[in-house]
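Participant: Quick one: this structure, given as structure tokens, is what I'll be asking you about.
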Amino acid sequence: MEALIKNLNPPQAEAVTTTDGPLLVIAGAGSGKTRVLTQRLAYILATRKAAPHELLAVTFTNKAANEMGERVGALLGALPNLWISTFHSLGLKLLRREHKTIGYSSSFQVFDTSSSQALLKDCVRRLGYPEGQFPPKAELRKISDIKTQLITPEAYASKANNYFESRRAELYTLYQRRLRSIGAMDFDDLICETVYLLRDHPDVASRWQQRFRYLMVDEYQDTNHVQYLMLRHLLNPDQNICVVGDEDQSIYAWRGADIRNILEFERDFPGARIIKLEQNYRSTGTILRAASAVIANNSQRKPKELWTNAGEGDRIDLILVDNAQEEAKEVVDRVQTAGAPSLRNQVILYRTNAQSRPFEEELRRRNIAYKVVGGTAFYDRAEIRDILAYLQLIANAADDVSFDRIIGTPNRGIGKTTVDEIHALAVDEENSYYGICANAGAYPSLAGKAKRIAAFVELIESYRAMVDTQPVDLMVEQLIKDLKYVDYWQNKEPHTAEARIENLEALVDGAAEFMTAHPDAHLPDYLSEIALYTDLDDLDKEKEERLSMMTIHSAKGLEYDTVYVVGLEQGLFPMQRQTDDPMNLEEERRLFYVAATRARQNLHLFSAAVRGRFADVETIPSQFIKEIPEALLDRLELRTRKVYSYDASSRPAQASLFGNGGRRAAQPAAASGRTYVYEEDEVLQPGRIVQHKTFGQGRIMTVDGFGDSLRIEVNFAGLGVKKLMARYANLKVIG
């Protein structure tokens with residue numbers, strides 16, 4: 001026990017040894033929360049407060065769950081009955097254990113996002129809806145939102161009050177009915193059905209509550225309402241729950257995360273103990289001060305003061321460029337700088353995936369290896385999805401989505417007309433597509449293709465006979481051979497065949513690794529593991545020296561020596577649609593905080609004067625930049641576009657937007673024009689009274705932007721608030 005706490009700082013040790021009752025650990029960025037979680041779990045076991053099977057630890061990624069398990073194993077040895085899992089994996093385990101109660105097979109299938117979307121597309125087609133009005137991807141997202149509010153198809157249908165809601169209710173109903181007929185659940189079902197199970201069956205809930213005497217939850221700020229309910233239903237009257245998180249890193253509201261779960265923990269659990277971890281072990285003092293200065297502008301947070309013993313470090317580079325192409329060149333120049341960190345220790349972070357293109361082009365030109373995280377993930381590649389679809393149909397003959405994907409791949413002479421006839425027969429017979437094929441001889445309309453259909457069925461049935469006896473990796477390898485799948489790609493796309501073959505070999509290797517780790521597992525277990533997998537889980541296994549590029553959302557939980565945050569312009573970061581709502585703006589600010597605190601040693605911020613979206617659009621630098629104290633920044637002015645200029649010497653000194661220092665004068669004119677001055681007109685400040693020739697007198701409410709792009713909101717007497725561009729408004733300041 002002494003060994004478990006001797007290397008901890010006092011707040012960490014307090015969190016580890018506080019075992020009973022509700023506990024909230026506010027873990028600032030880089031404060032060692034994983035160590036605290038792991039050693040707290042080990043401490044409970046070492047003090048014999050609970051047996052391994054009586055502990056439940058929940059986190060958000062397989063990577064985090066595996067890391068926690070490995071650390072506990074290193075401390076205490078192998079503990080096979082210890083449950084450390086993601087929310088979705090936990091739901092999967094519980095639902096499989098209680099499958100009879102919910103009327104499912106214990107080996108029910110899990111549909112990943114791609115399969116769910118394909119099924120919904122088929123539902124749209126069956127109902128005869130215009131796909132343009134009901135795009136499957138968008139409708140799946142809306143149905144997901146409905147599900148996570150625990151609204152059943154029947155309840156949604158009863159409240160539908162317009163054309164789209166009524167049609168969506170029918171779509172939602174059919175989608176859920178199809179999932180059940182296939183014997184499958186989607187990701188949302190793994191959580192929602194678990195809540196229904198525990199809520200509606202008190203005996204089941206009581207059994208699991210008695211088992212799990214201690215609950216621990218990582219990244220609690222990212223939980224949504226239905227995950228919160230899942231935890232509450234598993235918590236016994238002792239309320240031994242420890243949640244760890246940081247409201248300043250709550251960046252997933254768009255997928256349902258509810259920051260109130262962490263902000264209102266004390267209300268939910270009266271008498272809860274609160275411990276703050278404020279010593280940062282990752283970043284330099286300068287980076288922490290900059291990130292803290294920005295996040296301090298948020299109202300939805302618990303005050304904390306991050307500090308470090310790592311020293312102040314270098315100032316933060318702020319590089320102001322003309323456009324996205326120049327931005328890419330400047331970033332890659334720094335990546336290549338002599339003495340720079342290795343590629344693996346650098347990352348480019350952006351607000352949206354669309355920003356990656358100029359960086360990819362520049363990196364390719366210079367022959368620098370890179371990885372786009374969040375691009376086409378391994379298990380989303382066509383050749384991999386094809387083989388997985390075969391395996392899914394082998395494991396579950398009712399899987400219509402997988403059937404549709406593979407019936408014509410590789411080509412076996414069964415065309416669209418035949419497939420449409422199979423679809424029609426399945427609807428009439430209330431059977432699966434494969435079920436129709438298995439009895440194709442009974443349908444005269446399929447007589448012309450009966451032999452080809454029979455050959456397909458024979459192939460699937462031969463593998464169905466192996467499911468309980470053959471290791472998964474051997475099945476995968478043999479299936480690829482039997483399909484002549486390598487030949488298929490060599491003939492179809494010779495220029496991509498080599499890469500696809502390498503991917504197929506990697507799939508076999510991955511199945512072999514799975515079987516080594518789970519020697520008693522069978523095909524359904526493997527498919528469930530794959531369905532819950534993301535490319536982020538494998539990021540740290542990367543052996544090759546490659547520069548990482550990703551959205552800030554994808555960077556959560558990662559850290560690098562050097563971080564380049566690009567696209568810091570108003571309207572892009574923060575995004576324009578988020579700035580109208582103060583709470584959305586606070587989430588954008590939390591995103592910046594997350595981006596900045598990924599950096600261990602060096603942080604580079606980039607802003608362009610023009611951002612090419614549909615055309616060159618003049619931009620203004622992000623408001624987050626001006627929230628950083630000037631003393632922490634090294635500003636490099638590289639803009640040459642003629643955007644705005646003025647005689648700074650004619651104006652009195654005032655506080656700089658970079659902090660409390662003096663005014664920064666305009667830079668000397670460059671060959672192609674003056675630089676863009678980085679401050680707002682001093683006289684147009686909130687609270688000033690102005691006169692407009694049309695609207696009359698009004699009071700300035702807000703000021704946003706710089707120079708010619710300066711925008712203001714003025715509340716005019718009798719007219720309300722008007723949004724104006726300062727350069728065109730011709731306002732006269734009168735008070």
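Participant: Provide the packing ranking of 16-25, 691-700, 403-412, 563-572, i.e. peptides ordered by the mean count of other C-beta atoms within 10 Å per residue, highest first.
Facilitator: Per-residue Cβ counts within 10 Å, averaged per peptide and sorted highest first, yield 563-572, 16-25, 403-412, 691-700.
Participant: Okay, next question. Among the listed pairs Lys33/Lys304; Lys147/Lys556; Lys137/Lys159; Lys33/Lys63, which are separated by more than 19 Å between their Cα atoms?
Facilitator: Beyond 19 Å between Cα atoms: Lys147/Lys556; Lys137/Lys159.
Participant: Something else now. When the Karplus curve 6.51 cos²θ - 1.76 cosθ + 1.60 is applied with θ = phi - 60°, which whole-Hz ³J(HN,Hα) does each residue of the stretch 361-366 get, with x for Gly and Pro?
Facilitator: Computed from phi, the couplings for the stretch 361-366 are 4, 5, 5, 5, 4, 9 Hz.
Participant: 7 Å from Cα along Cα→Cβ at both Ala499 and Ala521: what's the point-to-point distance in nm?
Facilitator: With each label placed 7 Å out from Cα toward Cβ, I get 2.8 nm.
Participant: On to the next question. Enumerate the amide H contacts of Arg688 below 5 Å, restricted to partners 5 or more residues apart or on another chain; note that Pro and chain-start residues carry no placed amide H.
Facilitator: Answer set, sorted by chain and number: Ile700.
Participant: Further, regarding this structure: Using 0.36 nm times the number of residues separating Asn353 and Leu719, minus their current alpha carbon distance, what extension gain do you get?
Facilitator: 127.7 nm
Participant: If each residue of separation counts as 0.36 nm, what is the full-extension length gain between Asn491 and Asp145 once their alpha-carbon separation is subtracted?
Facilitator: Full extension from Asn491 to Asp145 adds 120.3 nm.
Participant: Determine ³J(HN,Hα), in whole Hz, for all residues of the stretch 31-47 in sequence, where each value follows from phi through the Karplus function 6.51 cos²θ - 1.76 cosθ + 1.60 and θ = phi - 60°; x replaces Gly and Pro.
Facilitator: The phi angles translate into 9, x, 5, 5, 4, 5, 4, 4, 6, 5, 4, 5, 5, 4, 5, 5, 8 Hz.
Participant: Once phi is turned into θ = phi - 60°, what whole-Hz ³J(HN,Hα) does the Karplus curve with 6.51, -1.76 and 1.60 give for every residue of the stretch 313-330, x standing for Gly and Pro?
Facilitator: These are the phi-based 3J(HN,Hα) values: x, 6, 5, 7, 7, 10, 10, 9, 10, 6, 8, 5, 5, 5, 4, 4, 4, 5 Hz.
Participant: Moving on to the next point. Per the Debye formula with a single identical scatterer at each Cα and no solvent contribution, what log10 I(q)/I(0) holds for the chain at q = 0.05, 0.09 Å⁻¹?
Facilitator: Each listed q corresponds, in turn, to -0.31, -0.98.
Participant: Among the lysines, which fall within straight-line cross-link reach of Lys492, defined as a Cα-Cα distance under 25 Å, with same-chain neighbours fewer than 8 residues apart omitted?
Facilitator: Correct list for Lys492: Lys416, Lys449, Lys451, Lys481, Lys484.
Participant: Then there is this: Order of 181-194, 104-117 by packing, highest average Cβ count within 10 Å first?
Facilitator: The densest-packed peptide leads the list: 181-194, 104-117.
Participant: Quick one: which residues, 5 or more positions from Gly28 or on another chain, have an amide H under 5 Å from its amide H? H modelled 1.01 Å from N in the peptide plane, none for Pro or chain starts.
Facilitator: Correct list: Leu277.
Participant: On a 1.4 Å probe surface of the protein chains, which of Asp482, Asp203, Asp246 comes out largest in accessible area, and what is the full order?
Facilitator: Asp203, Asp482, Asp246
Participant: Additional query: Report, in degrees rounded to the nearest 10, the 0 to 90 angle that the Cα long axis of helix 416-429 makes with the longest principal axis of the chain.
Facilitator: Roughly 70 degrees between the two axes.
Participant: Taking the mean number of other Cβ atoms within 10 Å as a proxy for protection, how do you rank 469-481, 160-172 from highest to lowest?
Facilitator: Packing order, densest peptide first, comes out as 469-481, 160-172.
Participant: Calculate how steeply helix 163-182 sits against the longest principal axis of the alpha-carbon atoms of the chain, using the helix alpha-carbon long axis, and give the answer as 0 to 90 degrees to the nearest 10.
Facilitator: Compared with the principal axis, the helix lies near 40 degrees.
Participant: Efficiency by 1/(1 + (r/R0)^6): what FRET value for His99 and Gln697, r their Cβ-Cβ distance, R0 = 60 Å, to the nearest 0.05?
Facilitator: Values: r = 71 Å, r/R0 = 1.18.
It comes out at approximately 0.25.
Participant: Let me ask you something else. May I ask you to list the aspartates and glutamates whose Cα is less than 12 Å away from that of Lys723, ignoring any residue fewer than eight positions away on the same chain?
Facilitator: Those aspartates and glutamates meeting the cut-off are Asp704, Glu713.
Participant: Further question: Can you compute the helix-only [θ] at 222 nm over the chain? Use -39500 (n - 2.57) per DSSP H run of at least 4 residues, normalise by all residues, nearest 500 deg cm²/dmol.
Facilitator: Taking each H run of at least 4 residues, the total per residue is -13000 deg cm²/dmol.
Participant: Show log10 I(q)/I(0) for the stretch 130-193 at q = 0.17, 0.26, 0.28 Å⁻¹, two decimals, from a solvent-free Debye sum over equal Cα scatterers.
Facilitator: With no solvent term, the Cα-only Debye profile gives -0.56, -1.27, -1.40.
Participant: From the P(r) of the stretch 293-435, can you give the percent of Cα pairs sitting at distances over 18 Å?
Facilitator: For the stretch 293-435, the share of Cα pairs beyond 18 Å comes to 75 percent.
Participant: Please report Rg (one decimal) and Dmax (integer) in Å for the Cα set of the stretch 168-280.
Facilitator: Here Rg and the maximum Cα pair distance are 16.7, 53 Å.
Participant: Per 0.36 nm of contour for each residue apart, how much would the distance between Glu2 and Ala450 grow if the chain were fully extended, relative to their Cα-Cα spacing? Show your work: numbers first, answer last.
Facilitator: Values: separation 448, 0.36 × 448 = 161.28 nm, distance 7.22 nm.
Contour length minus Cα-Cα distance gives 154.1 nm.
Participant: Here's another thing I want to ask about it. Tell me, what is the percent relative contact order of the chain, built from C-alpha pairs under 8 Å that lie six or more residues apart?
Facilitator: Result for the chain is 14 percent.
Participant: What do you get for the angle between helix 136-147 and the principal long axis of the chain? Use alpha-carbon atoms, 0 to 90 degrees, nearest ten.
Facilitator: 90
The values are calculated or read from the model by the stated rules, or taken from the named source; none is laboratory data. The model shown is predicted, which means the values in this text are computed figures rather than measured ones. Don't worry about glycine lacking a Cβ; one is built from the backbone with ideal geometry, like all the others, and counts go over all protein chains shown. Calculation scope for accessible area: heavy atoms of the full protein, side chains included, ligands and nucleic acids excluded. Shrake-Rupley method; radii C 1.70, N 1.55, O 1.52, S 1.80 Å.
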